[in-house]
Amino acid sequence: MFSRILVGVDGSECARRAFDAAAELARASNASLVVLCVVQPPMLVGQRKETAARFVRILEREAKMILADYAHEADRKDVKAETRLAKGHPAKVILETAHAEEADLVVVGSRGRGGVKGMLLGSVSSAVVQNSKVPVLVVK
Ligand SMILES: Nc1ncnc2c1ncn2[C@@H]1O[C@H](COP(=O)(O)OP(=O)(O)O)[C@@H](O)[C@H]1O
Ligand SMILES: [Mg+2]
């Protein structure tokens, strides 16, 4: 039914469930999986440029570890997967990557790592649901 599935991961438990669902679907429909982690450069006011750059490098290193873990997991589940590391605004990058990769399904968790308790959808998942041109699966 789907041929290329994009899943957004941020290191949260909910994103892990999103990945599991995406991998399951990919296997069932013999689709390929793109696992994307977006590093969002933090807003640092009044810091030296070098301090901000160092912070971004730490976040990139963490994102690489998250992606390596998922690559391994996909392998274990016998699912064809590629990983993508990108920088920018997560929802915007997820939508752009879905387009560039010709994904026909986008999978995200309902919540992520940050945010306010009690909210049904995080800001990234709600922006993806609102703006995606292809179907979106939101995993709780
Ligand atoms: N930086 C990111 N890179 C890739 N996917 C992300 C990123 N941030 C969030 N997502 C996806 O969006 C889902 C919801 O996260 P989000 O909307 O950020 O909620 P919260 O406000 O609780 O952090 C996550 O489970 C994940 O699938
Ligand atoms: Mg978040």
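Across 13, 101, 50, mean-square fluctuation computed from a Gaussian network of the chain (C-alpha pairs under 10 Å connected) peaks at 50. Each Lys and Arg contributes +1 and each Asp and Glu -1, all at the Cβ; summed about the Cα centre of segment 19-113, the dipole is approximately 600 debye.
The angle between the Cα long axis of helix 49-76 and the longest principal axis of the Cα atoms of the chain comes to about 20 degrees, rounded to the nearest 10.
Its relative contact order, with pairs defined as Cα atoms under 8 Å and 6+ residues apart, puts the chain at 34 percent. By the rule of a C-alpha distance below 17 Å, with chain neighbours fewer than 8 residues away ignored, the aspartates and glutamates paired with residue 77 are 20, 24, 69.
The simple Förster model, with R0 at 41 Å and r as the Cβ-Cβ distance, assigns residue 101 and residue 13 a FRET efficiency of 0.95.
With both labels modelled 7 Å from their Cα along Cα-to-Cβ, the residue 51 to residue 76 distance reads 4.0 nm. Listed by chain and number, the aspartates and glutamates whose alpha-carbon sits under 18 Å from that of residue 87, ignoring those within fewer than 8 places in the same chain, are 10, 50, 60, 62, 96, 101.
Estimate the FRET efficiency between residue 68 and residue 40 by the formula 1/(1 + (r/R0)^6), using the beta-carbon distance for r and 25 Å for R0, to the nearest 0.05. Efficiency computed from Cβ-Cβ geometry: 0.80. Over the chain, dividing the summed -39,500 (n - 2.57) contributions of all DSSP H runs of at least 4 residues by the number of residues returns a 222 nm mean residue ellipticity of -15000 deg cm²/dmol.
Per residue, the Cα convex hull of the chain amounts to 102 Å³.
Per-residue SASA remark: residue 113, around 140 Å² accessible (1.4 Å probe; ligands, DNA and RNA not included). Residue ranking by accessible heavy-atom surface, 1.4 Å probe, largest first, among 55, 2, 19 comes out as 55, 2, 19. Against the chain, whose longest principal axis is taken from its Cα atoms, helix 90-100 shows a tilt of about 40°.
In straight-distance terms, cross-link reach from residue 133 covers every one of the lysines whose alpha-carbon lies under 21 Å from its own, apart from those fewer than eight places away in the same chain; here that gives 92.
The values are calculated or read from the model by the stated rules, or taken from the named source; none is laboratory data. Note that the coordinates shown come from a computational prediction; the quantities given were computed from them, not determined experimentally. All Cβ positions, glycine included, derive from the backbone under ideal geometry; neighbour counts span all protein chains shown. All accessible areas refer to the heavy atoms of the entire protein, side chains included, with ligands and DNA or RNA removed. Shrake-Rupley method; radii C 1.70, N 1.55, O 1.52, S 1.80 Å.
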